[in-house]
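To start, the structure under review is shown below, and the notes come after it.
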Amino acid sequence: MKGTHLIALSALVSATVTASHQDVIDDILKRLDKATFFFENQFRHINLDGVVGYIILHAELNESVRIWSDKFLPSQLSTATSVAKRLDQSITQAVSALQRTDPKYFREFEPLLDTSFWSVPHEWSTSDPALAYSAFRSMECYDEQLSDKCITLLLGTWKDNGTPCMVTKPCLDTMTRFGCPHYSLSHQLLYFMIGTMRGCSNILQGERRESRANMTERDYQKIFCSNMRKSNEEFVRKVFPGQTRDIFIENIMLCGLAGFSDFYKSEWLRHILLWQDPEVGCFGKDEQDILQGLGEEQVETLKVHKRVKRREKTLSDGCSSHMTGVAVSALGGYLNYYLTEQDITKRPVT
């Protein structure tokens, strides 16, 4: 009787967990459906960074339907498949619009505008608090133009028919510098992620520092995500000061895509869901309200510490193109993670 009771209790706990995950999956899919409706109506006005976010979401949805179709409820599978099909059409239109409106930027980052470029994690690891810096530098450590140049050297788009996987000393020095905060940190991670997805195996060949002789690309990713987690925990503790919601979501999106499961916290998901405009479906309108409520001196202080995104666009309805893009791809990552969690044979590695 005791053994039967334990089996029944175990089944009840399992059913509760599964139901809980199903509720979350339902909510995520509803939010993605709403955000896709926004994209369908606004794709002509969304910048390249925002479009890339939807392209990553498209890759995540395609992968979830392909691998986890048996983990969806029938209604969920129908929604996921429908959203993926709608994105397929609207992304094609958005990419064509980008090619017309910003041809140089389009050419430099065209490989990132292909759904097949982005790989979705199937195995998981976690970041390590012991790798966190004792303190972050007070200022960003990179120039956005240098970051763009370094990525085009990896992609091979630095000139027509350019050789891919090229690494220069300025790029290596910048992308492996420790102590960098915020957007510098996330773009250091992005540099290594793009290099990995592009198939570059030579990023660290020019490394001459003996102390880092045995470090791999994955080691750098783990260091960066350990510090991005530290940043996110600080943002939560300080109740998202200034305009930190955007980088908070970007950290989740990138480190989740890099396979670090500890970024898919349910508490962090609740924050993201709260920041979606329930009517329009976009993200970032609240951040614009916050900025408008600050004094002139506070706004200037924020600009000093915050990356200035040259191509960020605040759309006519107050939505943020960049924040919407990173939010939808972060939600797509959460979806895959929760589907993985439902398969006991593929639980995240801790």
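The values are calculated or read from the model by the stated rules, or taken from the named source; none is laboratory data. Note that the coordinates shown come from a computational prediction; the quantities given were computed from them, not determined experimentally. Counting neighbours? That spans all protein chains shown, and the Cβs are built from the backbone with ideal geometry, glycine included.
Looking only at residues in region 24-48 that are among the aliphatic types (A, V, I, L, M) and part of a helix (DSSP H, G or I), which one is surrounded by the fewest Cβ atoms within 10 Å (Cβ to Cβ)? It would help to see each step written out before you state the result.
So the first thing to find is which residues in region 24-48 are among the aliphatic types (A, V, I, L, M), and the list is 24-25, 28-29, 32, 35, 46, 48.
Of the ones still in play, those that are also part of a helix (DSSP H, G or I) are 24-25, 28-29, 32, 35, 48.
Values: Val24: 19, Ile25: 23, Ile28: 22, Leu29: 24, Leu32: 27, Ala35: 26, Leu48: 23.
Per the criteria, the residue is Val24.
Can you tell me which residue among Arg86, Arg66, Arg107, Arg31 is touching a strand residue (DSSP E or B) at 6+ places or on another chain (Cβ under 8 Å) and either at pLDDT 95 or above or under 27 Å from Cys255 (Cβ atoms) (or both)?
Only one candidate qualifies: Arg31.
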Confirm whether Leu154 is farther than 30 Å from Lys265 by Cα and part of a helix (DSSP H, G or I).
yes
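Residue by residue, here is whether (1) at pLDDT below 95; (2) farther than 29 Å from Gln93 by Cβ holds:
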| position | (1), (2) |
| --- | --- |
| Asp114 | no, no |
| Phe117 | no, no |
| Ser125 | no, yes |
| Ala130 | no, yes |
| Gly156 | no, no |
| Asn161 | yes, no |
| Lys169 | yes, yes |
| Gln188 | no, yes |
| Ile203 | yes, yes |
Within region 254-276, restricting attention to residues that are over 13 Å from Ile28 (Cβ atoms) and free of Cβ contacts under 8 Å to residues at least 12 places away in the same chain, which residue is surrounded by the most Cβ atoms within 10 Å (Cβ to Cβ)?
Lys265
Picking from Val51, Val83, which residue would you name as being buried (at least 21 other Cβ atoms within 10 Å of the Cβ), aliphatic (A, V, I, L, M) and touching an Asp or Glu at 6+ places or on another chain (Cβ under 7 Å)?
Val83
Take the conditions in contact (Cβ under 8 Å) with a residue 24 or more places away in the chain, within 23 Å of Glu279 (Cβ to Cβ) and not aromatic (Phe, Trp, Tyr) and apply them to Leu98. Does it pass?
no
Going through region 163-174 one residue at a time, which ones are surrounded by 13 or more Cβ atoms within 10 Å (Cβ to Cβ) and part of a loop (DSSP other than H, G, I, E, B)?
Pro164, Cys165, Met166, Val167, Thr168
Which one of these does Leu77 not meet: (1) buried (at least 17 other Cβ atoms within 10 Å of the Cβ); (2) under 21 Å from the mean Cα position of the chain (by Cα)?
(2)
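With the structure loaded, tell me whether Ser90 is touching a helix residue (DSSP H, G or I) at 6+ places or on another chain (Cβ under 6 Å), over 30 Å from Ser231 (Cβ atoms) and of a type in the set (S, T, N, Q) or whether it fails that test.
Details: touching a helix residue (DSSP H, G or I) at 6+ places or on another chain (Cβ under 6 Å): yes; over 30 Å from Ser231 (Cβ atoms): yes; of a type in the set (S, T, N, Q): yes.
Taking the combined requirement at face value, the residue satisfies it.
At least 2 residues that are modelled with pLDDT of 95 or more in each: list the helices (runs of 4 or more DSSP H) lying fully within region 211-294 that qualify. Lay out the reasoning, then the answer.
Working: elements: 217-237, 245-257, 266-274, 285-292.
By residue number, 217-237, 245-257, 266-274.
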Out of all the residues in region 120-151, which are assigned to a loop (DSSP other than H, G, I, E, B), under 16 Å from Phe192 (Cβ atoms) and not hydroxyl-bearing (Ser, Thr, Tyr)?
Pro121, Cys141
Which of the residues belonging to region 106-122 are more than 26 Å from Tyr338 (Cα to Cα), in contact with an Asp or Glu (Cβ under 9 Å, 6 or more places away or on another chain), surrounded by 16 or more Cβ atoms within 10 Å (Cβ to Cβ) and not acidic (Asp, Glu)?
Phe109
Are any residues in region 229-253 surrounded by fewer than 19 Cβ atoms within 10 Å (Cβ to Cβ) and aliphatic (A, V, I, L, M), and if so, which ones?
Val236, Val239
